[in-house]
1. Which residue, B:Tyr103, B:Tyr61, B:Tyr128, tops the fluctuation ranking in a GNM of chain B built on C-alpha contacts under 10 Å?
2. Give a residue-ordered list of calculated ³J(HN,Hα) values for the stretch A:272-280 (Karplus: 6.51 cos²θ - 1.76 cosθ + 1.60, θ = phi - 60°; whole Hz; x for Gly, Pro).
3. When chain A is modelled as a GNM with alpha-carbon springs shorter than 10 Å, which of A:Val126, A:Val28, A:Val90 fluctuates the most?
4. Taking only the alpha-carbon positions of the protein assembly as shown and ignoring solvent, what does the Debye formula give for the base-10 log of I(q)/I(0) at q = 0.06 Å⁻¹?
5. What value does the stretch B:54-304 have for Rg/Rh, both radii from Cα atoms and Rh as Kirkwood defines it?
6. GluC sites (Glu not before Pro) within the stretch A:27-111: which are DSSP loop residues with at most 14 other Cβ atoms inside 10 Å?
7. Going by amide H atoms built from the backbone, whose H comes under 5 Å of the H on B:Asp252, apart from near neighbours?
8. Select from the stretch A:1-71 those trypsin sites (Lys or Arg not before Pro) which occupy a DSSP coil region and have at most 16 other Cβ atoms within 10 Å, ordered by residue number.
Amino acid sequence: MRLLGASKRRIHERGIELGLLLAALASVAITLGIVGVLAYESLGFFRQVSLIEFLTDSQWTPLFSEAHYGILPLVSGTLVTTVVALLVAVPLGTVAAGYLSEYAPRPVRETVKPVLELLSAVPTVVFGYFALLFVTPLLQRVWPDLPGFNMLSAGLVIGVMIIPYVSSVSEDAMRAVPMLIREGSYAMGGSRFQTAVRVVVPSSLPGIAAAYVLAVSRAIGETMVVAIAAGMQPTLTFNPLEPAATLTAYIVQVSLGDLPYGSLGYQTIFAAGLVLLIMTLVFNIAGHFLRRRFQHAF
Amino acid sequence: MPSSTSLKQPLSGASQKRLDLLVSLAGLLAMLVSMVVLLLLLAGLVVDGGPYLSWKFFTSYPSRFPEAAGILPAWVGTLLVMTVTAVAAIPLGIAAAVHLEEYAPKNWLTDLIEINMANLAGVPSIVYGLLALSLFVYQLRLGQSILTAGLTLALLILPIVVMTTREALRAVPQSIREAAFALGATKWQTIRHHALPAATGGILTGLILALSRAIGESAPLMTIGALSFIAFLPHEPWRPDFPFVSFEWLLDPFTVMPIQMFNWVSRPQEAFHMKAAGAGLVLMAMTLAMNGLAIYLRARHRKRIQW
């Protein structure tokens, strides 16, 4: 270890402290960069397309000769896949969390958690492959008319993908409920099931809600599964059996082509990105506050 | 709701036991769904892609002819992009984590950084791609290069690196730091020689998990315009004359494993789907190996160090 004089040492320490602070501030710079870039490029877009057309037109065909710039079809595609995903992930994730927190013996919990973590480590492009070439053919046996690209199989697979998010956050919330509260319920003659459903779940509700909200934001931002399995035509439809494009799939589709820098087509992906960021941000902030409220509860 | 009666009226012991058993079964079933999907996914990849895993698959370029197509540029690209990502994200992330965990005073700036970090972790990965497209590719003129891709993924995993490093530092007991202070060490000496080494296991685990997340990411890289048909390798990172290392490869175009897989999946021919399964199998092997390593390190670290 080097020994430095007192004043030299102080300068040395100060220098390191400053360097570390700058590293921490890099995250703020990233956020500013994201917001700045999306705002700047979208501004170019909104100079040529009115906000009213953007929000009310029911067609999104920016690359056709007869261009329409209505974001609604992309938003509807995003919402449909998200809802399908939630219909899978919320019940399964919540039941799994309740079981792991209130019923599972320790060895089960210790083995199951890493496997669930593994599920969230699978690359999304592999899930896309699975949705297109495994789930869709399976569903076509039930509905022979189902098109090869559809939102249902993409949504189902995203749902399975986000089960670990729902289950781990809600399990944490349930386990944070103090034992005393459960014991109170048992002392009043409550059974295990009654305690779980009427005592533990209500007291951990903000935490569970946070899990759902974070899962929503995850499903909205999911890209590869929908880009591969849901087709890429923007269609204003709420029928999950049809193909459609989401906000994310549209960005991928445009990126696959070669649009010149600064053109209106190039700017459309930033406008779509801005809508995407706002949608996820709303859910993230809601989840953040729900979680915080819940952490203060006990 | 039929269960509402069972909630209000006391049940007999036997039917209570039955209810508990039923709930346990439902819980196990719910988890089974995820595991069955994981197994089906792996089985599907092995059945479709397994027969294609050969030496030739790893050493061939992609091709219009499915039987000749291989993943050479893809795995080389993944390796190089991951190198850039690691070099950029690891020092920055650890430094930020040390600041937040050891130095940061309780003030508005710290609050801002913390909230900001939590929000960044929730930003969809494709949005990072948009940032990189405008900033790195066009404003800084780095092009659709390995450097751009590595930096993009570094930004993406930065919040994960910071979060896991902070957790590892938090697990080091205060008494270790106090002992160092008592011997006259400065704050930085304490962190550098005691807190960080003691947290190495946890930090390493977090870094591996973060990189395994980056290795499977394709959306942000497709946004910056990564080409999927690359029939050549980047420049070599070494050269015969002084200084023996070359950084030309940083600005070369590239492809990576997940993008190669996407390219093959999105073709109509079945033969390419099989190739996609082969690429997927390699990709899964990479991420599962990294995750396995992380789980092993975490377990070993927990066993070895008992404060």
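Taken together, the values in this text are just the output of simple stated rules run on the coordinates, not laboratory data. Quantities reported herein were computed from a predicted structural model and do not represent experimental measurements. Methodologically, a virtual Cβ is constructed for each residue, glycine included, from the backbone with ideal geometry; neighbour enumeration extends over all protein chains shown.
1. Of the options given, B:Tyr103 has the highest mean-square fluctuation.
2. Each residue's phi maps through the Karplus curve to give 4, x, 5, 4, 4, 4, 5, 4, 5 Hz.
3. A:Val28
4. The Cα Debye sum returns log10 ratios of -0.35.
5. 1.04
6. Those satisfying the criteria are A:Glu66.
7. B:Ile146, B:Leu147
8. When the trypsin sites (Lys or Arg not before Pro) of the stretch A:1-71 are filtered for loop state and at most 16 Cβ neighbours within 10 Å, A:Arg2 remain.
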